[in-house]
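The values are calculated or read from the model by the stated rules, or taken from the named source; none is laboratory data. Remember, it's a predicted structure, so these values are computed and weren't measured experimentally. Cβ: placed from backbone, ideal geometry, glycine included. Neighbour counts: every protein chain shown.
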Amino acid sequence: MAFDIDMIKKVYASMAERVDKAREIVGKPLTLSEKILYSHLWDGSPTEAFTRGKDYVDFAPDRIACQDATAQMALLQFMQAGKPNVAVPTTVHCDHLIQAKSGAALDLKSANSTSAEVFNFLESVSNKYGIGFWKPGAGIIHQVVLENYAFPGGMMIGTDSHTVNAGGLGMVAIGVGGADAVDVMAGMAWELKFPKLIGVKLTGNISGWTSAKDVILKVAGILTVKGGTGAIVEYFGEGAKNLSCTGKGTICNMGAEIGATTSTFGYDDSMERYLRATDRNDVADEANKVREYLTADDEVYANPEQYFDELIEINLDELKPHLNGPFTPDLATPVGQLGEKAKANGWPLKVDWGLIGSCTNSSYEDLTRAASIAKQAVDKKIKSKSDFGINPGSEQIRYTAERDGILEVFENLGATVFTNACGPCIGQWDRSDLKGEEKNTIVHSFNRNFSKRADGNPNTHAFVGSPEMVAAIAISGRLDFDPMNDTLLNEDGEEVKLDMPLGIELPPQGFAVEDAGYLAPDADGSGVEVKVSPDSERLQLLEPFTPIKDESLIGAKLLIKAFGKCTTDHISMAGPWLRFRGHLDNISNNCLIGAVNAFGKKTNFVKNQLTGEFAGVPDTARAYKAAGVRSVVVGDHNYGEGSSREHAAMEPRHLGVAAVIVKSFARIHETNLKKQGMLGLTFANEEDYDLVQEDDTFNFVDISEFAPDKQLTLELVHADGSKNVIKLNHTYNQPQIDWYREGSALNVIKKENAA
Ligand code: F3S
């Protein structure tokens, strides 16, 4: 489906030369991750060795994928760049905005009406700028990418944290914020700190009730939710080769749950089989020609302790099925030991729902393994004690599963088949069996199980497992059920046991689909009109930000002095605000409403110095803006940590904030502020944070001399007329100062384009 074989050939054509050069420069055998990284340098052939975990490096990704929630602002920004087409093959996937309620047909109809303007906007922008568009119902971004676009040895970025799923096909695929995606779409480099490397050696073989999902559930238990931060996890060993390609995808997918930059596997027969089964013989043929470059050098896997920063070994022969949770995906418990733990912690043992699917686990193999359990229940006259919901990962999977009678098996058990979309996995679930916030337990084959994630109820205890284990537990209706040892009572009062699951890796009759839901863009989209209603609540075309004038930085006012932790969630809350992701003015009404004001220690309650009255942060910022007064945000350590959400920088910029001055920044947020043409500065002397008072006026006295490696001077004028003159540090290089002077990075691109 519109994958670009010429682009893949081009990547492979330069791979040998670049990898050989990198090996020479680094001076030792290379891991697969290093081969992919060094063959995707923005400057082409490698000229220097990078230090893992330290050096920031510019890369040239091969592809970009965006989902409907994050694509809105990314594309609105891209439209500002003044480019006729995206510079790198890009796709948009409509999967997040579809609620699961009654079943696929009704739910899709309802989403198509509720979010019509967003879908129409994404479709028209895609058509105009050469972006492949996957309609609502076509499938979940990561499954569709794996089926159509992922290729061994490639590098992609995506505006969703589970972009990492494509590691199952041997890619380095990384989730990024919209601003990064826009840069690459506009033809700029993509910067990443050269990752550390964690090796996971898999020995033995998966069998019985244990599945690929249990590998990552186990790894999550070992590394915890932070253990993979800043690292690529590279899996290898005999056990890895014996996993299916989609099983590898599941493992890579949940690498996001350990905070890993991404995860990957070397090219092998399972990937070749998957490429051929998904109609990509040409990709497999090309990959076979450069096979040795699509996996690590032999010496690396022979002596991994010498080449990875950290090494984990898992014997798959001994690996037991796990259920992880509740409330965190790294709380790993082998099935069979969960009863005791649940009783000790007061987790409800009764299971109300079993949910199968999502981007993590909706392959043909997953569905057949789960169906083999569901079928036994029907055949052995066991009635399911829990409700069942299925979210197929793509229309191709759904169609094939329907043709092969797999969906019917679930339906015979009373399951509801939801749309091929995220649904409950992203909280898009209108769950009718709960009246309020009752304490309850669900099991699912998704990746995340944080509080409120699936149904918005903080008292839903969600446990993550393999699809077949979810099926077994849901049928039994009990969290302490161990299908390997326990029996169930059937309708005839007999004790019956479930046999171990049996799966089929790839459909014996091949995949099939009537309408995959893909719309190719016009060859020449210049005549396509992108329609956004001026009255829209959810979408708003962006106006370019105007440069902040030096004179406006004399007499700027304090908007808020944030106290303690101030993450991107405090700056731009999620939840119900997600609705306004494509409307900068409307979503700006959540700007900093979660931040605690250092004066009074309340949230969303700050002083308007022009009136002396107290009001919410967005209203106060708007009042300053209306009066032509620039405002300043002051913050503590690691300001802007959390996600790479660009709204956290765009909103204050839109509301007239000129500078954010903090003790320290989370780096991505600092870069986002720079991209939006604002000042992101740090106190040269951390204690100066304490000098800032509620009625302060800020004079940036030497802003006209803003230059790389040169401190700025700030005069703080207090209400009584007294002053403190302090120094501020910054990390702007000359191009970033140009962004500031032009109003934004996009303005610079636009200018360059017009020149
Ligand atoms: Fe993400 Fe779940 Fe969808 S992980 S892409 S929300 S299926």
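Residue-by-condition table, conditions (1) more than 24 Å from the chain's Cα centre (by Cα); (2) not assigned by TED's automatic domain parsing to the domain that holds Glu305; (3) not in a loop (DSSP other than H, G, I, E, B):
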residue: Leu30; (1), (2), (3): yes, no, no
residue: Lys54; (1), (2), (3): no, no, no
residue: Val57; (1), (2), (3): no, no, yes
residue: Pro61; (1), (2), (3): no, no, no
residue: Ile64; (1), (2), (3): no, no, yes
residue: Thr70; (1), (2), (3): no, no, yes
residue: Leu75; (1), (2), (3): no, no, yes
residue: Met79; (1), (2), (3): no, no, yes
Scan the stretch 686-707 residue by residue and report those that are under 24 Å from Ile737 (Cα atoms), assigned to a loop (DSSP other than H, G, I, E, B) and among the charged types (D, E, K, R). Asp702
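If we scan the stretch 695-705, do we find a residue that is within 24 Å of Ser572 (Cα to Cα), polar (S, T, N, Q) and assigned by TED's automatic domain parsing to the domain that holds Leu592? First the steps, then the outcome.
First, the residues of the stretch 695-705 that are within 24 Å of Ser572 (Cα to Cα): none.
No, the stretch 695-705 contains no residue that is within 24 Å of Ser572 (Cα to Cα), polar (S, T, N, Q) and assigned by TED's automatic domain parsing to the domain that holds Leu592.
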Could you say whether any residue in the stretch 312-327 is within 16 Å of the ligand (Cβ to nearest atom), within 29 Å of Ile222 (Cα to Cα) and out of contact with any helix residue (DSSP H, G or I) (no Cβ under 9 Å at 6 or more places or on another chain)? yes
Among the listed residues Leu655, Leu584, Leu592, Leu679, identify the single one that is more than 30 Å from Gln711 (Cβ to Cβ) and touching a Leu at 6+ places or on another chain (Cβ under 9 Å). Leu584
Go through (1) within 16 Å of the ligand (Cβ to nearest atom); (2) without any contact (Cβ under 8 Å) to a residue 60 or more places away in the chain for His444 and report which single condition fails. (2)
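Determine which member of the set Leu558, Leu519, Leu479 is more than 26 Å from Thr70 (Cα to Cα), among the hydrophobic types (A, V, I, L, M, F, W, C) and not assigned by TED's automatic domain parsing to the domain that holds Ala421.
Leu558
Quick check, is Asp387 among the acidic types (Asp, Glu), outside the structural domain of Thr295 (by TED's automatic domain parsing) and within 16 Å of the ligand (Cβ to nearest atom)?
Numbers: among the acidic types (Asp, Glu): yes; outside the structural domain of Thr295 (by TED's automatic domain parsing): yes; within 16 Å of the ligand (Cβ to nearest atom): no.
So Asp387 does not fit the description; no.
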Considering only residues that are farther than 20 Å from Met156 by Cα and modelled with pLDDT under 95, which ones fall in the stretch 224-241? Thr224, Val225, Lys226, Gly227
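Counting just the residues of the stretch 450-459 that are at pLDDT below 95 and surrounded by fewer than 24 Cβ atoms within 10 Å (Cβ to Cβ), which one comes out farthest from the ligand (Cβ to nearest atom)? Quick ask: steps written out before the conclusion?
Applying the first criterion (at pLDDT below 95) to the stretch 450-459 yields 450-458.
Cutting the leftovers down to surrounded by fewer than 24 Cβ atoms within 10 Å (Cβ to Cβ) gives us 450-453, 455-458.
Values: Phe450: 12, Ser451: 16, Lys452: 14, Arg453: 9, Asp455: 14, Gly456: 14, Asn457: 17, Pro458: 19 Å.
The selected residue is Pro458.
Can you name every residue in the stretch 87-117 that is part of a loop (DSSP other than H, G, I, E, B) and surrounded by fewer than 23 Cβ atoms within 10 Å (Cβ to Cβ)?
Filtering the stretch 87-117 down to residues part of a loop (DSSP other than H, G, I, E, B) leaves 87-89, 94-99, 101-103, 115.
The answer is Ala87, Val88, Pro89, Gln99, Lys101, Ser102, Gly103, Ser115.
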Looking only at the stretch 572-624, filter to residues that are among the charged types (D, E, K, R) and part of a helix (DSSP H, G or I); which one of those is surrounded by the fewest Cβ atoms within 10 Å (Cβ to Cβ)? Asp585
Output the residues belonging to the stretch 20-48 that are within 17 Å of Gln306 (Cα to Cα) and hydrophobic (A, V, I, L, M, F, W, C). Val26, Leu30, Leu32
Hey, Ala462 over 18 Å from Ser384 (Cα atoms), of a type outside the set (Ser, Thr, Tyr), within 11 Å of the ligand (Cβ to nearest atom) and touching a strand residue (DSSP E or B) at 6+ places or on another chain (Cβ under 6 Å) or not: no
So which residues in the stretch 359-384 are away from the ligand (no atom under 16 Å from the Cβ), in contact with a Ser or Thr (Cβ under 9 Å, 6 or more places away or on another chain) and among the hydroxyl-bearing types (Ser, Thr, Tyr)? Tyr364, Ser384
Residue pairs within 7 Å by beta carbon, gap of at least six or interchain, first lying in the stretch 729-755 and on the phi > 0 side of the Ramachandran plot, second outside any loop (DSSP other than H, G, I, E, B) and among the aromatic types (Phe, Trp, Tyr), listed first then second, are none
Residue in the stretch 390-417 that is farthest from Glu147 (Cα to Cα), counting only those that are within 14 Å of the ligand (Cβ to nearest atom) and polar (S, T, N, Q): Asn391
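Pick out, from the stretch 141-204, the strands (runs of 3 or more DSSP E) lying fully within it that include 1 or more residues that are within 16 Å of the chain's Cα centre (by Cα) and over 20 Å from Leu30 (Cα atoms). Show your work before the answer.
On the way: elements: 155-158, 172-175, 190-193, 196-203.
By residue number, 155-158, 172-175.
State the number of residues belonging to the stretch 608-624 that are within 14 Å of Asn589 (Cα to Cα) and free of Cβ contacts under 8 Å to residues at least 60 places away in the same chain. Reasoning before the result, please.
In the first step, residues of the stretch 608-624 are kept if they are within 14 Å of Asn589 (Cα to Cα); the result is 615-623.
Subsequent filtering for residues that are free of Cβ contacts under 8 Å to residues at least 60 places away in the same chain retains 615-619, 622-623.
Residues meeting the conditions: 7.
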For residues in the stretch 47-86 being among the basic types (Lys, Arg) and over 20 Å from Met171 (Cβ atoms), which is surrounded by the fewest Cβ atoms within 10 Å (Cβ to Cβ)? Lys54
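Residue by residue through the stretch 132-155, note down the ones that are within 23 Å of Met15 (Cα to Cα) and either within 13 Å of the ligand (Cβ to nearest atom) or surrounded by fewer than 24 Cβ atoms within 10 Å (Cβ to Cβ) (or both). Give the steps one after another, and end with the answer.
From the stretch 132-155, those within 23 Å of Met15 (Cα to Cα) are 145-146, 148-155; that's our starting set.
Answer for the stretch 132-155, where residues must be within 23 Å of Met15 (Cα to Cα) and either within 13 Å of the ligand (Cβ to nearest atom) or surrounded by fewer than 24 Cβ atoms within 10 Å (Cβ to Cβ) (or both): Val145, Leu146, Asn148, Met155.
Any idea which of Ser270, Ser263 is touching a Cys at 6+ places or on another chain (Cβ under 7 Å), crowded, with 18+ Cβ neighbours inside 10 Å and under 23 Å from Gly175 (Cα atoms)?
Working: Ser270 fails: under 23 Å from Gly175 (Cα atoms).
One residue alone meets the criteria, Ser263.
Hey, does the stretch 35-48 have a residue that's assigned by TED's automatic domain parsing to the domain that holds Asn303, closer than 21 Å to Gln676 by Cα and part of a helix (DSSP H, G or I)? So that I can check it myself, show each step before the final result.
Residues of the stretch 35-48 that are assigned by TED's automatic domain parsing to the domain that holds Asn303, as a first pass: 35-48.
The next check asks that each one be closer than 21 Å to Gln676 by Cα; those that pass are none.
No, there is no match, as no residue in the stretch 35-48 is assigned by TED's automatic domain parsing to the domain that holds Asn303, closer than 21 Å to Gln676 by Cα and part of a helix (DSSP H, G or I).
Could you check the stretch 242-297 for helices (runs of 4 or more DSSP H) lying wholly inside it with 2 or more residues that are within 27 Å of the chain's Cα centre (by Cα), under 28 Å from Val225 (Cβ atoms) and within 16 Å of the ligand (Cβ to nearest atom)?
Numbers: elements: 245-253, 269-277, 281-289.
The helices (runs of 4 or more DSSP H) meeting that bar are 245-253.
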Answer residue from the stretch 418-441, given it is closer than 23 Å to Tyr399 by Cβ, assigned to a loop (DSSP other than H, G, I, E, B) and of a type in the set (A, V, I, L, M, F, W, C) and is nearest to the ligand (Cβ to nearest atom) among those: Cys422
Being modelled with pLDDT of 95 or more, within 15 Å of the ligand (Cβ to nearest atom) and either surrounded by fewer than 24 Cβ atoms within 10 Å (Cβ to Cβ) or among the hydrophobic types (A, V, I, L, M, F, W, C) (or both) is the requirement here; does Leu197 meet it? no
